[in-house]
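As structure tokens, the structure follows; a few thoughts come after it.
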Amino acid sequence: MVREMFDTIAPRYDLVNRIMTFRLDTRWRKRTVRDLRLGPGSLILDLAAGTGDLCRELRSAGHRPVGVDLSYGMLAAARTDAPLVQADVLRLPVPDQRADGATCGFALRNLADLGLFFDELARVVRPGGRIGLLEVARPRNPVMRWGHGIYFGRVVPKIGALLSDGAAYRYLPQSVAYLPEPPALVAMLRAAGFADAERHELNGGISQLLLATRDR
């Protein structure tokens with residue numbers, strides 16, 4: 001279902017993202033790449049790469065990105081010269097410890113098994129390699145949480161229906177419910193082999209960035 005949904009919304013995915021986040025998503029991706037703190041030429045897997053936004057940022061920073069996504073429609077709409085692979089990120093066609101790092105943007109809540117995904121990250125990233133996982137979040141401040149709930153739950157679906165697919169953009173805000181609470185997310189990463197995992201709130205907590213180093 002998720003693959004078909006992203007195939008459907010791929011043609012206007014970037015446009016809707018820019019409008020509904022007021023272009024904040026571009027700033028969040030730049031920070032994700034910067035905070036990887038990996039040297040130029042690093043091989044970085046961008047998982048659930050979509051239309052290649054993070055691949056472009058990684059390339060601009062001098063890295064060697066490879067995009068992986070389950071949706072052929074998203075890969076077909078990608079605007080990047082990075083190599084692209086259609087594959088399930090829970091079963092990556094990548095040898096053990098092959099990558100210097102990995103990124104993932106706004107996809108954790110769409111995965112059937114987060115624990116398995118974190119284990120797969122630990123398998124393919126070399127010891128000392130870095131990961132940056134960008135995802136939506138709910139603000140802790142009650143007032144911001146209320147306002148964000150109205151915007152994300154009511155306004156975003158209307159924007160999506162106007163410019164793309166209404167059903168998909170009703171699902172995407174609701175899918176936040178599939179995310180574990182922040183302490184549980186961090187604990188899962190640490191248990192998978194990323195002992196220094198940490199979480200950063202972005203823009204008042206409407207988004208979050210999980211950063212970690214693969215244990216040596």
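The values are calculated or read from the model by the stated rules, or taken from the named source; none is laboratory data. Since the structure is predicted, the reported quantities are computational estimates derived from the model, not experimental observations. Please note: Cβ atoms are built from the backbone with ideal geometry, for glycine as well, and neighbour counts cover all protein chains shown. Accessible surface is based on the protein model in full, side chains and every heavy atom, while ligands, DNA and RNA are left aside. Shrake-Rupley method; radii C 1.70, N 1.55, O 1.52, S 1.80 Å.
Which one is nearest to Arg23 (Cα to Cα), of the residues in segment 187-211 that are assigned to a strand (DSSP E or B) and touching a Gly at 6+ places or on another chain (Cβ under 9 Å)? Before the answer, list the steps.
As a first pass, look at segment 187-211 and keep what is assigned to a strand (DSSP E or B): 198-202, 207-211.
When the remaining residues are screened for being touching a Gly at 6+ places or on another chain (Cβ under 9 Å), the result is 209-211.
On the way: Leu209: 17, Leu210: 20, Leu211: 22 Å.
My answer is Leu209.
In segment 178-186 there is no residue that is touching a Pro at 6+ places or on another chain (Cβ under 9 Å), surrounded by 16 or more Cβ atoms within 10 Å (Cβ to Cβ) and either of a type outside the set (Gly, Ala, Ser) or in a helix (DSSP H, G or I) (or both).
Within segment 89-101, identify whether any single residue is among the small types (Gly, Ala, Ser) and over 23 Å from Leu179 (Cβ atoms), and answer yes or no. Within segment 89-101, one or more residues are among the small types (Gly, Ala, Ser) and over 23 Å from Leu179 (Cβ atoms).
Pull up segment 187-216, narrow it to residues that are among the aliphatic types (A, V, I, L, M), within 22 Å of Ile44 (Cβ to Cβ) and over 17 Å from the mean Cα position of the chain (by Cα), then point me to the one that is most open to solvent (accessible area, probe 1.4 Å).
Looking only at segment 187-216, we keep the residues that are among the aliphatic types (A, V, I, L, M), and these are 187-189, 191-192, 195, 197, 202, 206, 209-212.
Narrowing further to those that are within 22 Å of Ile44 (Cβ to Cβ): 188-189, 192, 195, 197, 202, 209-212.
Cutting the leftovers down to over 17 Å from the mean Cα position of the chain (by Cα) gives us 192, 195.
Values: Ala192: 18, Ala195: 62 Å².
Among those that are among the aliphatic types (A, V, I, L, M), within 22 Å of Ile44 (Cβ to Cβ) and over 17 Å from the mean Cα position of the chain (by Cα), it is Ala195.
Restricting Asp100, Asp96 to residues that are acidic (Asp, Glu) and part of a strand (DSSP E or B) narrows the list to Asp100.
The condition (being of a type outside the set (Gly, Ala, Ser), under 30 Å from Asp96 (Cα atoms), open to solvent by 20 Å² or more (accessible area, probe 1.4 Å) and under 21 Å from the mean Cα position of the chain (by Cα)) is satisfied by just one residue among Arg126, Arg170, Arg138: Arg126. Each residue in segment 47-72 was checked for being of a type in the set (Gly, Ala, Ser) and under 17 Å from the mean Cα position of the chain (by Cα), and 6 pass.
Taken over segment 28-62, the residue count meeting the criterion of being over 11 Å from Gly101 (Cα atoms), open to solvent by less than 10 Å² (accessible area, probe 1.4 Å) and out of contact with any Pro (no Cβ under 9 Å at 6 or more places or on another chain) is 3.
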